[in-house]
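To keep things clear, I will list the structure first and then write my remarks on it.
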Amino acid sequence: MVMTEPPLMLPQANDACWCGSGRKYKRCHKPLEGRVLQGVVSPMRPVPDHIAKPPYAATGHVDRWMEDRVKTPAIIERMRHAGVVAAEILRLAGEMVRPGITTDEIDVFVHEATIERGAYPSPLNYSHYPKSVCTSVNEVICHGIPDSRVLVEGDIINLDVTAFIGGVHGDTNATFFVGEVDAASRQLVNVTEECTWHGIEAVVAGRPISDIGRAIESHAKKHNLGVVRAFIGHGIGEQFHTDVQVLHYYDERASMIMRPGMTFTIEPMITIGTWQHRMVFDDDWTAVTADGKRTAQFEHTCLVTENGVEVLTAKGAVSPSAPWTR
Ligand code: MF3
Ligand code: CO
Ligand code: CO
(Lines give C-alpha, C1' and ligand atoms only; values in the text may rest on other atoms or scores of the structure.)
(Ligands and ions follow the chains in the order given, each with its own letter.)
Protein backbone atom coordinates (compact mmCIF):
# COMPACT_ATOMS: atom_id res chain seq x y z
CA MET A 1 0.00 0.00 0.00
CA VAL A 2 1.30 3.45 -0.84
CA MET A 3 0.83 6.00 1.95
CA THR A 4 0.83 9.74 1.42
CA GLU A 5 0.88 10.68 5.12
CA PRO A 6 3.62 9.54 7.54
CA PRO A 7 2.44 7.02 10.17
CA LEU A 8 2.61 7.78 13.88
CA MET A 9 5.47 5.27 14.38
CA LEU A 10 8.30 6.19 12.01
CA PRO A 11 10.69 3.49 10.72
CA GLN A 12 14.36 3.18 11.68
CA ALA A 13 16.78 4.89 9.30
CA ASN A 14 17.73 1.66 7.47
CA ASP A 15 14.22 0.19 7.35
CA ALA A 16 11.96 0.51 4.32
CA CYS A 17 10.33 3.91 4.00
CA TRP A 18 6.75 4.17 5.22
CA CYS A 19 5.61 5.54 1.85
CA GLY A 20 5.96 2.24 0.02
CA SER A 21 8.69 3.39 -2.37
CA GLY A 22 10.84 0.37 -1.47
CA ARG A 23 13.77 2.65 -0.58
CA LYS A 24 15.41 2.92 2.82
CA TYR A 25 13.69 5.49 5.03
CA LYS A 26 16.94 7.47 5.35
CA ARG A 27 17.17 7.69 1.52
CA CYS A 28 13.52 8.58 1.06
CA HIS A 29 11.29 10.62 3.44
CA LYS A 30 13.62 11.01 6.46
CA PRO A 31 15.47 14.06 5.05
CA LEU A 32 12.08 15.77 4.64
CA GLU A 33 11.07 15.32 8.27
CA GLY A 34 10.23 18.64 9.84
CA ARG A 35 10.53 20.39 6.48
CA VAL A 36 7.84 22.45 4.83
CA LEU A 37 6.06 20.33 2.24
CA GLN A 38 4.33 21.67 -0.85
CA GLY A 39 0.57 21.58 -0.84
CA VAL A 40 -1.94 22.01 -3.64
CA VAL A 41 -2.13 25.45 -5.27
CA SER A 42 -5.70 26.54 -6.07
CA PRO A 43 -6.57 28.23 -9.41
CA MET A 44 -5.65 31.88 -9.97
CA ARG A 45 -8.27 34.30 -8.67
CA PRO A 46 -9.79 36.95 -10.94
CA VAL A 47 -9.61 40.70 -10.28
CA PRO A 48 -12.67 42.75 -11.26
CA ASP A 49 -12.53 45.04 -14.28
CA HIS A 50 -12.89 48.26 -12.30
CA ILE A 51 -9.52 47.71 -10.56
CA ALA A 52 -6.65 49.49 -12.37
CA LYS A 53 -3.98 46.90 -13.15
CA PRO A 54 -0.25 47.03 -13.77
CA PRO A 55 0.79 46.08 -17.33
CA TYR A 56 1.94 42.54 -16.43
CA ALA A 57 -1.45 41.59 -14.95
CA ALA A 58 -2.83 40.50 -18.31
CA THR A 59 0.20 38.62 -19.62
CA GLY A 60 2.43 37.65 -16.72
CA HIS A 61 5.26 39.24 -18.64
CA VAL A 62 7.22 41.97 -16.85
CA ASP A 63 8.37 44.70 -19.23
CA ARG A 64 10.77 47.16 -17.67
CA TRP A 65 11.07 50.81 -18.60
CA MET A 66 13.19 53.76 -17.49
CA GLU A 67 11.83 55.19 -14.28
CA ASP A 68 13.39 58.14 -12.49
CA ARG A 69 14.99 57.12 -9.22
CA VAL A 70 14.00 60.45 -7.69
CA LYS A 71 10.20 60.62 -7.62
CA THR A 72 8.06 63.71 -8.23
CA PRO A 73 5.98 65.08 -5.33
CA ALA A 74 2.84 63.76 -7.05
CA ILE A 75 4.22 60.22 -7.27
CA ILE A 76 5.43 60.41 -3.68
CA GLU A 77 1.94 61.33 -2.53
CA ARG A 78 0.53 58.32 -4.35
CA MET A 79 3.22 56.08 -2.89
CA ARG A 80 2.28 57.22 0.61
CA HIS A 81 -1.24 56.00 -0.07
CA ALA A 82 -0.12 52.67 -1.60
CA GLY A 83 2.17 52.18 1.41
CA VAL A 84 -0.65 52.72 3.91
CA VAL A 85 -2.94 50.35 1.99
CA ALA A 86 -0.29 47.60 1.90
CA ALA A 87 0.55 48.10 5.58
CA GLU A 88 -3.09 47.81 6.62
CA ILE A 89 -3.64 44.62 4.63
CA LEU A 90 -0.46 43.11 6.08
CA ARG A 91 -1.60 43.92 9.63
CA LEU A 92 -5.02 42.33 9.05
CA ALA A 93 -3.53 39.28 7.32
CA GLY A 94 -1.17 38.85 10.28
CA GLU A 95 -4.16 38.75 12.62
CA MET A 96 -5.42 35.68 10.74
CA VAL A 97 -2.27 33.68 11.46
CA ARG A 98 -3.15 30.76 13.79
CA PRO A 99 -2.75 26.99 13.92
CA GLY A 100 -5.16 25.27 11.51
CA ILE A 101 -5.44 27.95 8.82
CA THR A 102 -4.05 27.27 5.35
CA THR A 103 -1.82 29.69 3.48
CA ASP A 104 -4.44 29.56 0.69
CA GLU A 105 -7.03 30.98 3.12
CA ILE A 106 -4.64 33.83 3.92
CA ASP A 107 -4.24 34.43 0.18
CA VAL A 108 -8.01 34.62 -0.30
CA PHE A 109 -8.17 37.23 2.47
CA VAL A 110 -5.33 39.33 1.03
CA HIS A 111 -6.82 39.11 -2.45
CA GLU A 112 -10.27 40.29 -1.31
CA ALA A 113 -8.95 42.92 1.12
CA THR A 114 -6.74 44.41 -1.61
CA ILE A 115 -9.60 44.62 -4.12
CA GLU A 116 -11.94 46.07 -1.46
CA ARG A 117 -9.51 48.96 -1.09
CA GLY A 118 -9.51 49.60 -4.83
CA ALA A 119 -6.03 48.14 -5.25
CA TYR A 120 -4.49 45.35 -7.33
CA PRO A 121 -2.48 42.65 -5.47
CA SER A 122 0.91 43.23 -7.13
CA PRO A 123 2.27 39.66 -6.87
CA LEU A 124 -0.65 38.26 -8.91
CA ASN A 125 0.72 37.20 -12.32
CA TYR A 126 3.97 39.10 -11.75
CA SER A 127 6.28 36.95 -13.87
CA HIS A 128 3.45 34.40 -13.73
CA TYR A 129 3.46 34.25 -9.91
CA PRO A 130 0.08 32.57 -9.28
CA LYS A 131 -1.13 34.18 -6.04
CA SER A 132 -1.80 37.57 -4.36
CA VAL A 133 0.63 37.32 -1.44
CA CYS A 134 3.84 35.46 -0.64
CA THR A 135 3.61 33.11 2.36
CA SER A 136 7.00 31.81 3.50
CA VAL A 137 7.00 29.28 6.35
CA ASN A 138 9.96 28.28 8.58
CA GLU A 139 12.95 27.50 6.29
CA VAL A 140 11.32 29.16 3.29
CA ILE A 141 13.32 32.35 2.70
CA CYS A 142 10.87 34.15 0.42
CA HIS A 143 8.34 33.83 -2.43
CA GLY A 144 6.50 30.89 -0.87
CA ILE A 145 3.28 30.25 -2.81
CA PRO A 146 0.05 29.97 -0.79
CA ASP A 147 -1.37 26.45 -0.96
CA SER A 148 -3.33 23.84 1.01
CA ARG A 149 -0.65 23.50 3.74
CA VAL A 150 -2.05 24.05 7.21
CA LEU A 151 -0.12 26.22 9.66
CA VAL A 152 0.84 24.30 12.79
CA GLU A 153 1.66 25.48 16.29
CA GLY A 154 5.33 26.50 16.44
CA ASP A 155 5.63 27.58 12.79
CA ILE A 156 6.83 31.05 11.81
CA ILE A 157 5.40 32.62 8.67
CA ASN A 158 6.35 35.64 6.61
CA LEU A 159 3.53 37.41 4.77
CA ASP A 160 4.70 39.69 1.96
CA VAL A 161 1.97 42.08 0.78
CA THR A 162 2.26 44.47 -2.16
CA ALA A 163 -0.58 46.74 -3.30
CA PHE A 164 -0.79 48.61 -6.62
CA ILE A 165 -3.03 51.66 -6.39
CA GLY A 166 -2.84 55.10 -7.97
CA GLY A 167 -0.36 53.70 -10.46
CA VAL A 168 2.29 52.84 -7.87
CA HIS A 169 3.25 49.93 -5.61
CA GLY A 170 3.63 49.72 -1.82
CA ASP A 171 5.58 46.66 -0.63
CA THR A 172 5.84 45.43 2.96
CA ASN A 173 6.25 42.17 4.85
CA ALA A 174 6.54 40.81 8.37
CA THR A 175 7.09 37.48 10.09
CA PHE A 176 4.43 36.16 12.47
CA PHE A 177 4.34 33.42 15.13
CA VAL A 178 1.90 30.53 14.84
CA GLY A 179 0.87 29.93 18.45
CA GLU A 180 3.76 29.26 20.83
CA VAL A 181 7.16 29.31 19.11
CA ASP A 182 10.54 28.07 20.38
CA ALA A 183 13.01 30.55 21.85
CA ALA A 184 15.52 30.37 18.97
CA SER A 185 12.80 31.25 16.45
CA ARG A 186 11.53 34.12 18.61
CA GLN A 187 15.07 35.48 18.83
CA LEU A 188 15.50 35.11 15.06
CA VAL A 189 12.31 37.03 14.32
CA ASN A 190 13.02 39.78 16.85
CA VAL A 191 16.58 40.33 15.65
CA THR A 192 15.41 40.33 12.02
CA GLU A 193 12.97 43.15 12.80
CA GLU A 194 15.77 45.03 14.57
CA CYS A 195 18.03 44.50 11.54
CA THR A 196 15.36 46.03 9.31
CA TRP A 197 15.15 49.13 11.49
CA HIS A 198 18.93 49.45 11.74
CA GLY A 199 18.93 49.42 7.94
CA ILE A 200 16.20 52.06 7.81
CA GLU A 201 18.06 54.30 10.26
CA ALA A 202 21.09 54.14 7.95
CA VAL A 203 19.12 55.92 5.21
CA VAL A 204 20.76 59.35 4.98
CA ALA A 205 20.76 61.58 1.90
CA GLY A 206 24.29 62.03 0.55
CA ARG A 207 25.51 58.68 1.90
CA PRO A 208 26.18 55.56 -0.21
CA ILE A 209 23.47 52.90 -0.19
CA SER A 210 26.06 50.39 1.14
CA ASP A 211 25.51 51.96 4.59
CA ILE A 212 22.20 50.08 4.78
CA GLY A 213 23.74 46.64 4.28
CA ARG A 214 26.55 47.44 6.67
CA ALA A 215 24.10 48.31 9.45
CA ILE A 216 22.02 45.19 8.85
CA GLU A 217 24.94 42.78 8.57
CA SER A 218 26.71 44.06 11.67
CA HIS A 219 23.58 43.63 13.80
CA ALA A 220 22.95 40.12 12.43
CA LYS A 221 26.59 39.14 13.07
CA LYS A 222 26.38 40.35 16.65
CA HIS A 223 23.68 37.72 17.18
CA ASN A 224 25.46 35.04 15.15
CA LEU A 225 22.81 35.06 12.44
CA GLY A 226 23.28 34.85 8.67
CA VAL A 227 22.26 37.36 5.98
CA VAL A 228 20.78 35.99 2.74
CA ARG A 229 22.59 37.44 -0.29
CA ALA A 230 20.57 36.14 -3.23
CA PHE A 231 17.52 38.35 -2.60
CA ILE A 232 17.83 42.09 -2.11
CA GLY A 233 15.81 45.25 -1.59
CA HIS A 234 14.80 47.18 -4.69
CA GLY A 235 13.74 50.48 -6.10
CA ILE A 236 9.96 50.77 -6.28
CA GLY A 237 7.41 53.18 -7.71
CA GLU A 238 5.35 52.84 -10.85
CA GLN A 239 7.18 49.53 -11.24
CA PHE A 240 7.26 46.79 -8.59
CA HIS A 241 11.03 46.41 -8.98
CA THR A 242 13.34 49.05 -10.47
CA ASP A 243 17.09 49.05 -10.96
CA VAL A 244 18.03 50.39 -7.51
CA GLN A 245 19.65 47.55 -5.54
CA VAL A 246 19.62 47.45 -1.77
CA LEU A 247 22.04 44.81 -0.50
CA HIS A 248 21.46 43.60 3.05
CA TYR A 249 25.18 42.91 3.60
CA TYR A 250 28.15 45.23 3.20
CA ASP A 251 29.67 45.58 -0.26
CA GLU A 252 31.74 48.66 -1.05
CA ARG A 253 30.63 48.43 -4.68
CA ALA A 254 27.13 49.51 -3.63
CA SER A 255 28.26 53.08 -4.07
CA MET A 256 25.04 54.68 -5.32
CA ILE A 257 24.43 57.87 -3.35
CA MET A 258 21.04 58.18 -1.66
CA ARG A 259 19.15 61.30 -2.78
CA PRO A 260 15.99 62.92 -1.40
CA GLY A 261 12.98 61.59 -3.32
CA MET A 262 14.38 58.11 -3.91
CA THR A 263 12.12 55.22 -2.94
CA PHE A 264 13.27 51.67 -2.28
CA THR A 265 12.55 48.71 -0.05
CA ILE A 266 14.67 47.36 2.77
CA GLU A 267 13.81 43.69 3.35
CA PRO A 268 16.55 41.63 5.02
CA MET A 269 16.20 37.85 5.18
CA ILE A 270 18.10 36.60 8.24
CA THR A 271 18.95 32.97 9.00
CA ILE A 272 19.76 30.81 12.04
CA GLY A 273 22.21 28.72 10.02
CA THR A 274 23.64 29.18 6.55
CA TRP A 275 22.71 32.15 4.36
CA GLN A 276 22.90 29.96 1.25
CA HIS A 277 19.66 29.14 -0.47
CA ARG A 278 18.31 26.25 -2.57
CA MET A 279 15.36 25.84 -4.88
CA VAL A 280 13.97 22.44 -3.88
CA PHE A 281 10.37 22.94 -4.96
CA ASP A 282 9.28 22.45 -8.56
CA ASP A 283 7.62 25.90 -8.71
CA ASP A 284 10.67 28.06 -9.58
CA TRP A 285 9.68 30.51 -6.82
CA THR A 286 10.05 29.03 -3.35
CA ALA A 287 13.55 29.62 -1.96
CA VAL A 288 14.59 27.66 1.13
CA THR A 289 17.71 27.71 3.29
CA ALA A 290 20.29 25.15 2.14
CA ASP A 291 20.48 23.61 5.64
CA GLY A 292 16.74 23.63 6.33
CA LYS A 293 17.14 25.94 9.32
CA ARG A 294 14.68 28.75 9.89
CA THR A 295 14.79 32.22 8.39
CA ALA A 296 12.78 35.41 8.94
CA GLN A 297 12.16 38.65 7.05
CA PHE A 298 10.67 42.12 7.48
CA GLU A 299 10.19 44.72 4.75
CA HIS A 300 9.34 48.38 4.44
CA THR A 301 9.05 50.76 1.50
CA CYS A 302 11.19 53.82 2.30
CA LEU A 303 11.48 57.36 0.98
CA VAL A 304 14.77 59.26 1.33
CA THR A 305 14.04 62.75 2.68
CA GLU A 306 16.21 65.87 3.14
CA ASN A 307 16.80 65.07 6.76
CA GLY A 308 16.31 61.31 7.06
CA VAL A 309 13.79 58.74 5.94
CA GLU A 310 10.04 58.37 5.72
CA VAL A 311 8.80 54.81 6.10
CA LEU A 312 5.81 54.66 3.76
CA THR A 313 4.60 51.28 5.05
CA ALA A 314 5.14 51.89 8.77
CA LYS A 315 2.43 51.57 11.41
CA GLY A 316 0.93 54.99 11.82
CA ALA A 317 1.95 56.13 8.34
CA VAL A 318 -0.72 58.52 7.14
CA SER A 319 -2.09 58.95 3.68
CA PRO A 320 -4.06 61.69 2.04
CA SER A 321 -7.10 59.79 0.73
CA ALA A 322 -6.83 58.87 -2.96
CA PRO A 323 -4.54 61.79 -3.87
CA TRP A 324 -4.61 61.05 -7.62
CA THR A 325 -8.30 61.93 -7.77
CA ARG A 326 -7.63 65.55 -6.81
N1 MF3 B 1 7.12 41.36 -2.59
C2 MF3 B 1 8.34 40.72 -3.03
C3 MF3 B 1 9.45 41.71 -2.78
O4 MF3 B 1 9.57 42.14 -1.67
C5 MF3 B 1 8.31 40.33 -4.44
C6 MF3 B 1 7.35 39.25 -4.73
S7 MF3 B 1 7.40 38.94 -6.40
C8 MF3 B 1 6.20 37.78 -6.55
O9 MF3 B 1 10.18 42.12 -3.62
F10 MF3 B 1 6.02 37.63 -7.80
F11 MF3 B 1 6.60 36.69 -5.93
F12 MF3 B 1 5.14 38.22 -5.96
CO1 CO C 1 10.17 44.05 -1.97
CO1 CO D 1 7.72 42.37 -0.67
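The values are calculated or read from the model by the stated rules, or taken from the named source; none is laboratory data. Computed from a prediction, not measured in an experiment: that's the story for all the values here. Glycine also receives a Cβ, built like all others from the backbone with ideal geometry; neighbour counts cover every protein chain displayed. Ligands, DNA and RNA are stripped out before the accessible areas are found, and what is left, the full protein with its side chains, is counted by its heavy atoms. Shrake-Rupley method; radii C 1.70, N 1.55, O 1.52, S 1.80 Å.
Residues whose amide H lies under 5 Å from that of residue 234, counting only those 5 or more places away or on a different chain, are 246, 265; hydrogens are built 1.01 Å from N in the peptide plane. If the chain linking residue 127 and residue 205 were pulled fully straight, counting 0.36 nm for each residue of separation and taking away their Cα-Cα distance, it would gain 24.8 nm. The count of lysine pairs in the chain whose Cα atoms are under 21 Å apart, excluding pairs fewer than 8 places apart on the same chain, comes to 6. Considering amide H positions built from the backbone, and no H for Pro or chain starts, which residues 5 or more places from residue 142, or on another chain, come under 5 Å of its amide H? Correct list: 287. How high is the FRET efficiency between residue 279 and residue 59 when r is their beta carbon distance and R₀ equals 22 Å, given to the nearest 0.05? Computed FRET efficiency for residue 279 and residue 59: 0.40.
Segment residue 98..residue 184, full-extension length gain: 29.0 nm, with 0.36 nm per residue of separation and the alpha-carbon distance subtracted.
Distance between the 7 Å Cα→Cβ label points at residue 255 and residue 306: 2.9 nm. Shape class for segment 200-288: oblate, because the ratio a/c of the largest to smallest gyration tensor axis (alpha-carbon atoms, square roots of eigenvalues) is 1.5 or more and b/c is at least a/b. Multiplying the residue separation of residue 41 and residue 68 by 0.36 nm and removing their Cα-Cα distance gives an extension gain of 6.0 nm. The residues of the chain expose, per residue, 47 Å² of accessible area to a 1.4 Å probe.
Across segment 45-59, coupling constants 3J(HN,Hα) worked out from phi with the 6.51/-1.76/1.60 Karplus curve, θ = phi - 60°, read 8, x, 10, x, 4, 6, 7, 5, 10, x, x, 6, 4, 6, 10 Hz, and Gly and Pro carry x. What the phi angles of segment 71-77 give under the Karplus curve with 6.51, -1.76 and 1.60, with θ = phi - 60°, is a coupling list of 7, 6, x, 5, 5, 4, 4 Hz, glycine and proline written as x. Karplus-based coupling profile of segment 224-231, in residue order and whole Hz: 6, 10, x, 10, 5, 10, 6, 10, with θ = phi - 60° in 6.51 cos²θ - 1.76 cosθ + 1.60 and x standing for Gly or Pro.
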